[in-house]
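All remarks here apply to the structure that follows.
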Amino acid sequence: MIPASPNLPNPTPSPTPVSVLRPVLPDIYAFPPNRDTLGGTAYLILHPSGNGLVDCPAWDEATQAAIEQQGGIEWLFLTHRGAIGNVAAIQSAFSCKVVIQEQEAYLLPNLVLAPFRDTVVLNDHSSALWTPGHSPGSACLYDDRHGGVLFTGRHVLPNQHGEPVPLRLSKTFHWWRQLQAIQLLRDRFSAATLHYLCPGANIGFLRGNRSIDRAYERLAQLDLDHYRSLQPG
């Protein structure tokens, strides 16, 4: 072994990579918007029985390292077809199950899937429910901690004022079903069980926040009759 020369400076240690994870709530982190899913936001949920991923973040070494540092993931839940991203690479890296509503499972023919119809339980805190409209298999994931957190994908998104609303787009599968699904959420939850929304896009409209508070109150204030009259945007 050749000794280091006393006349040479010590090598500069490599900087610790900055994590791509952004804290949202305790045990919940958001990833930066993913270009592959048209600016979609994915979330990492930490849980003692196994962590979960909601939608696909941009897939690279930094993302994989960040997830590994948190203990990996047991499952990947997809809120809609537009959030699929690089599912194959994620499943290969973590051997996680991929949970998707059954109407969109055909889009992933070569993967091991856990499709569901109406609802599915992922662990003792997390469950999902089918909320069709934005896409045929659009679904939301609910975590009962922190007063209740709903990951809405593109079913409900913040508008330019940061308020959660349904958006009727040119690619909306079925607008009236989407509004019916919002009513389903209002019937299923209450102000005591739904405190936060974590939307799957339009995070910039939250102006530095990464979740929407007073979630049930804001959903209850939506005028669904007004939204039924809207034309595609």
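General observations
- Filter pass, residue 132 being in a loop (DSSP other than H, G, I, E, B) and at pLDDT 95 or above: yes
- Contact map, region 203-216: residues that are of a type in the set (S, T, N, Q) paired with residues that are at pLDDT 95 or above, Cβ distance under 7 Å, separation 6+ or inter-chain. Pairs shown: 211/24; 211/25; 211/196; 211/197; 211/198.
- Filtering region 100-119 to residues that are of a type in the set (Val, Ile, Thr) and crowded, with 20+ Cβ neighbours inside 10 Å leaves only 100.
- Matching residues, region 17-41, being among the hydroxyl-bearing types (Ser, Thr, Tyr) and within 14 Å of the chain's Cα centre (by Cα): 29, 37, 41
Rundown of residues vs (1) at pLDDT 95 or above; (2) surrounded by fewer than 18 Cβ atoms within 10 Å (Cβ to Cβ); (3) within 17 Å of residue 100 (Cβ to Cβ), yes/no style:
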site	(1), (2), (3)
17	no, yes, no
42	yes, no, yes
65	yes, yes, no
70	yes, yes, no
75	yes, no, yes
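- Among (1) under 19 Å from residue 34 (Cα atoms); (2) part of a helix (DSSP H, G or I); (3) of a type in the set (A, V, I, L, M, F, W, C) - the single one residue 76 does not satisfy: (2)
The values are calculated or read from the model by the stated rules, or taken from the named source; none is laboratory data. Note that the coordinates shown come from a computational prediction; the quantities given were computed from them, not determined experimentally. Please note: Cβ atoms are built from the backbone with ideal geometry, for glycine as well, and neighbour counts cover all protein chains shown.
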